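Chemist: Dropping a structure here in structure tokens format, bear with me for questions.
The values are calculated or read from the model by the stated rules, or taken from the named source; none is laboratory data. Treat the numbers as computed from the prediction; the structure is a model and nothing was measured. Quick reminder, even Gly has a Cβ in these numbers, built from the backbone with ideal geometry, and neighbours come from all protein chains shown. SASA here: full protein model, heavy atoms, side chains in, ligands and nucleic acids out. Shrake-Rupley method; radii C 1.70, N 1.55, O 1.52, S 1.80 Å.
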Amino acid sequence: MSLPRYYHPNEMEPQLLDLWEKSGVYHFDPSTSKPVFSIDTPPPTVSGNLHLGHTYSYTHTDVFARFHRMRGLNVFYPMGYDDNGLPTERLVEKLLGVTALEIGRQAFIDQCLEISQDIEKDYQDLWQRLGLSIDWRYTYRTIDECSRRTSQQSFLELYKQGLIYRQEAPTIWCPECQTAIAQADVNDWERETEFVTLAFLLDNGHNLEIATTRPELLPACVAVFVHPTDQRYADLIGRQVSVPLFNQSVTIRQDSEVDPEKGTGAVMCCTFGDTIDKHWWYTHNLEYIQAIDRSGRLTDAAGEFKGLLGNEAREAIKARLEREGLLLSRQRTSQIVPVHERCDTPVEFLMSKQWFIRLLDFKGEFIKAGEKIEWHPEHMKSRYQNWVENLAWDWCISRQRYFGIPFPLWYCQACGEVILATSDQLPVDPGETKPEQACQCGSTDFLPDEDILETWATSSLTPQIAGRWICDDPHQQNKLYDQVFPFSLRSQAHEIIRTWAFYTIAKSHFHFQKLPWREVAISGWGIAGQGMGKISKSKGGGPRPPQEMIEQYSADAVRYWAVSTSLGKDAVISEDKIQIGAKLVTKLWNVARFSERFLDNPWQVEIAKGSEYFEQLTPADRWILSKLQKLIQRVTSSLEDYEYAAAKSEIENFFWNDFADNYLEMCKQRLYTGTSVQKEAARLTLSYSLKNIILLFAPFLPFITESIYQGFLPDEEKYEDGPYRSLHRVGWPEVNPQLDDSQAELVGIELVEIATAVRRYKSENSISLGTAVRHLQLRTDDLAFASQLENAREDLMSITRAEIIEVNGNLAEGSYRILESARTHAYLLP
């Protein structure tokens, strides 16, 4: 088979995708004894359309998978979809223009299932078109039967261990999504607001000035706090003060958490404005007054302001305070507000009965677990540690929503006892199924828990779900799971260290006392450039869709952009960079087409001392072969350390600068007009070099490299190892110590300098690079090097287009010096 004149990615890439899938090139083999490399792939949340930024981090994971597969490991690389819970609900509500309450719970759940399945097909189409080497046989959904069973079994085990409890307590609440959320679901958002100083009336008739940004919480004020060492208020501790407008009398108390430098140094405690209010409420055993309800509106406690949303109430109360002379001053300020990451709505802190997993008692153990994992880049471990150290809440895992995995339990209506489902009942919907036995009190009247498990309670079990831990038998661990767990690698983005990484480590510690994976690779974001706007699945924005970019430039070109920035760093989405990738693809094809006429099957070629034509290798041959050994060594080391961008850059520089621009130009004359021995030495070097360049590029640019491989492969060899012989099952290049020649590399540097000097001379004198020069004279005091220059005469003539090359001869009259290096002086006689 020969390579066509032009490479058409839109034709070749889909053909290769079809061949790869049908032939099982990327299949995990559970029957082999090869070492396993298992990847805990991030399941994208089903919350909207994937954008170009998603191709960034997912390409990184694929490079790791391809590299280890080519090194002979049995790669387990599944894909999942995180399609249960709030993100999917919000998407469905947006698409349908209705809420669950409007169409009914079951109808809404049915719509969520249908829409998420359709969107997941779009996700898979993109991942396949991008060339991700996923084994699609192991695809899972976090709402499928295996995931439901796994998540509910986890709940049962942790409950029985005493690690899960239900309690009415201050809870982080999203008024927009109408559900409790966890600390990890909260982002900090800076906004401009107003600090207002209010007059609280002391029992002696004097005013106590207190500044606040949230006057709408005045109805819920239950205490005033000052710092114990603040002498301004020392004689007020224990006295009563009246809250403006609402007139409840509260006690002035002392607490070291008060910042005396903030505001007036006196702080009102409301139930609840923030986490410090929660802390004071607990530690000082204060009264609870609910001023804001679950929809974010003021309650009966607010009197005439009842029913107003928080922002509306804030302005109305300030206006009333000002009219009554109780608002003493106003000052603009910036404020950090906690918002729900899913909808950017400022959260409230409300009393509600929720399920929690105990985390705060185990922070030290979680930190030790994180230290045992190898983090790439290493500094990402600090993010994990900081998050664990600053945890202030146990993990709230219950959500007051509709689409998700239900809690596997009922409540006895006679005595209130919690009745757990059995493992044999899983997965169970307690609204559709009854307990297998009566309650201990004898009652058979049960009420199902109507909440659902939060998404991360299931996603934190992706190693168990992907490995099918108990998916086939609730009483027996799956053999696949034994092979892949603990996983080799977790690959994910940095913003979910606090959720997916942390929760997975916690669950694995609680259930198995093991690390879930040996290594973690943390990607940055593919971010919109200037003028593109913010991009997200749910909100849109950003550049053109990834499918359009792939169709215009090729999947390899998009992958090239994705691997051009180091792990852990954000990368601006750059069409210019994608275009550079497209040019590289074209250059690889053109170099392969040029080489094809001189080569048979480069995949069979090896070079060793004592082999035929080894002694006939020229200095240029030995230079490129030695540099190639160094390249293989550096690229392999970089990929082992997850430094894919450095590896790609090394290969690219070698290909363009050393191989294409210099070596090919040096060996052309021998290939075209050399003696048979000269031709064979050049062909041998060209075959070996091209083969290894293609293999090194394969994890990054899988389509063009496979196309070249197939183009050179004789038809009779394409199916000799099974249904389909693929480049991506060929072994990774190995360093050949016999070709490592530091002296040859020094000679090669001089050869390139000579060629560069001739090119520069031609360019400066507006002479075409292809124009012949009459006479190139080289002078050196190093006799051994002079011999090397003599041996390189054919290659220097080829690259410089010199008709005559003379080493250490008498300088011709009119010669022009073009190079003066440490070892060589070069002169041209035009």
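Chemist: Counting Lys +1, Arg +1, Asp -1, Glu -1, what net charge surrounds Gln106 among other residues with beta carbon under 12 Å of its beta carbon?
Modeler: -2
Chemist: In terms of modelled amide H atoms, which long-range or inter-chain residues lie less than 5 Å from the amide H of Leu819?
Modeler: Counting only residues 5 or more places away or on other chains, the set is Ala826.
Chemist: Using Cα-Cα distances under 8 Å and only pairs 6 or more residues apart, what relative contact order does the stretch 70-135 have, in percent?
Modeler: It comes to 52 percent, rounded to a whole number.
Chemist: While we're here: If you plug each phi of the stretch 68-83 into the Karplus form 6.51 cos²θ - 1.76 cosθ + 1.60 with θ = phi - 60°, what whole-Hz ³J(HN,Hα) values come out, in order, with x for Gly and Pro?
Modeler: With the stated coefficients, the stretch 68-83 comes to 5, 5, 5, 7, x, 7, 8, 8, 9, 9, x, 9, x, 10, 8, 10 Hz.
Chemist: Tell me which GluC sites (Glu not before Pro) from the stretch 766-830 have a DSSP coil assignment and no more than 15 other beta carbons within 10 Å of their own.
Modeler: Hits after loop and neighbour filter: Glu813.
Chemist: Hand me the GluC sites (Glu not before Pro) from the stretch 326-380 located in a DSSP loop with no more than 10 other Cβ atoms within 10 Å, in residue order please.
Modeler: Of the GluC sites (Glu not before Pro), the ones in loops of the stretch 326-380 whose Cβ has at most 10 other Cβ atoms within 10 Å are Glu378.
Chemist: Shifting gears a bit: For Val339, tell me the accessible area in Å² from a 1.4 Å probe, rounded to the nearest 10.
Modeler: Result for Val339: roughly 0 Å² accessible.
Chemist: Would you compute, from DSSP H runs of 4+ residues alone, the mean residue ellipticity of the chain at 222 nm, taking -39500 (n - 2.57) per run and dividing by the full residue count, rounded to the nearest 500?
Modeler: After summing the helix terms and dividing by residue count, I get -12000 deg cm²/dmol.
Chemist: So if each residue of separation counts as 0.36 nm, and I subtract the Cα-Cα distance between Asn311 and Asp661, what length gain in nm does that give?
Modeler: Details: separation 350, 0.36 × 350 = 126.00 nm, distance 6.56 nm.
Contour length minus Cα-Cα distance gives 119.4 nm.
Chemist: Compute the separation of the alpha-carbon centres of the stretch 28-85 and the stretch 231-257 and state it in Å as a whole number.
Modeler: About 58 Å separates the Cα centre of the stretch 28-85 from the one of the stretch 231-257.
Chemist: Would you mind calculating the gained length between Glu764 and Asp274 on full extension (0.36 nm times residue separation, minus the Cα-Cα distance), in nm to one decimal?
Modeler: Once the chain is fully extended between Glu764 and Asp274, it gains 169.4 nm.
Chemist: Using a cut-off of under 20 Å, list every residue of the stretch 253-277 whose amide N is near the label point 7 Å from the Cα of Thr193 along the Cα-to-beta-carbon line.
Modeler: Residues 257-277 qualify, since their backbone N sits under 20 Å from the label point.
Chemist: Name the residues whose placed amide hydrogens come within less than 5 Å of the amide hydrogen of Phe76, ignoring near sequence neighbours (fewer than 5 apart) on the same chain.
Modeler: Distant-sequence amide H within range of Phe76: Phe37, Ser38, Ile39.
Chemist: Once both labels are modelled 7 Å past Cα along the beta-carbon direction, what's the Glu209-Leu95 spacing in nm?
Modeler: Result: 5.7 nm between the two label points.
Chemist: Count the net charge of all other residues whose Cβ sits under 15 Å from the Cβ of Phe510, scoring Lys and Arg as +1 and Asp and Glu as -1.
Modeler: Net local charge, Phe510 excluded: +2.
Chemist: For the stretch 153-169, in order, what is each residue's ³J(HN,Hα) by Karplus, 6.51 cos²θ - 1.76 cosθ + 1.60 with θ = phi - 60°, in whole Hz (x at glycine and Pro)?
Modeler: 5, 4, 4, 4, 5, 5, 4, 5, 7, x, 9, 10, 9, 10, 7, 8, 7
Chemist: While we're looking at this one, here's another question. From Cα pairs below 8 angstrom and at least 6 apart in sequence, can you work out the relative contact order of the chain, rounded to a whole percent? Intermediate results must be reported in sequence, preceding the final value.
Modeler: On the way: 1508 pairs, mean separation 128.7, N = 830.
That works out to 16 percent.
Chemist: State in Å² the accessible area per residue of the chain; use a 1.4 Å probe, count heavy atoms of protein chains only, and round to the nearest integer.
Modeler: Accessible surface, normalised per residue, equals 41 Å².
Chemist: Just report the Cα centroid separation between the stretch 761-824 and the stretch 554-583, whole Å.
Modeler: When both Cα centres are located, 40 Å separates them.
Chemist: Quick one: grab the alpha carbon gyration tensor of the stretch 49-89, order the square roots of its eigenvalues as a ≥ b ≥ c, and give me rounded if a/c is under 1.5, else prolate or oblate depending on whether a/b is larger than b/c.
Modeler: Oblate, because a/c is 1.5 or more while a/b does not exceed b/c.
Chemist: Please work out the FRET efficiency for the pair Glu304 and Leu447, using the Cβ-Cβ distance as r and a Förster radius of 41 Å; give the result to the nearest 0.05.
Modeler: 0.60
Chemist: What part of the accessible area of the chain, given as a whole %, is carbon or sulfur when the probe is 1.4 angstrom?
Modeler: In the chain, the share of accessible area belonging to carbon and sulfur is 46 percent.
Chemist: Extension gain Glu389-Tyr165, at 0.36 nm per residue separation less the Cα-Cα distance, in nm?
Modeler: Result: 78.4 nm gained on full extension.
Chemist: List the residues whose amide H sits under 5 Å from the amide H of Tyr140, counting only those 5 or more places along or on another chain, with H placed 1.01 Å from N in the peptide plane.
Modeler: Met79, Gly80, Tyr81
Chemist: Report, to the nearest 10°, how far helix 664-673 tilts away from the longest principal axis of the Cα atoms in the chain, using its own Cα long axis and a range of 0 to 90°.
Modeler: Relative to the chain, helix 664-673 is tipped by roughly 30 degrees.
Chemist: Enter the angle in degrees (range 0 to 90, nearest 10) between the Cα long axis of helix 575-596 and the first principal axis of the Cα atoms of the chain, meaning the one along which they spread out most.
Modeler: 30 degrees
Chemist: Hey, another quick one. Rounded to whole Hz and in sequence order, give me ³J(HN,Hα) for the stretch 92-105 from the Karplus expression 6.51 cos²θ - 1.76 cosθ + 1.60, θ = phi - 60°, writing x for Gly and Pro.
Modeler: In residue order, the calculated couplings are 5, 4, 5, 5, 8, x, 9, 9, 4, 5, 6, 10, x, 4 Hz.
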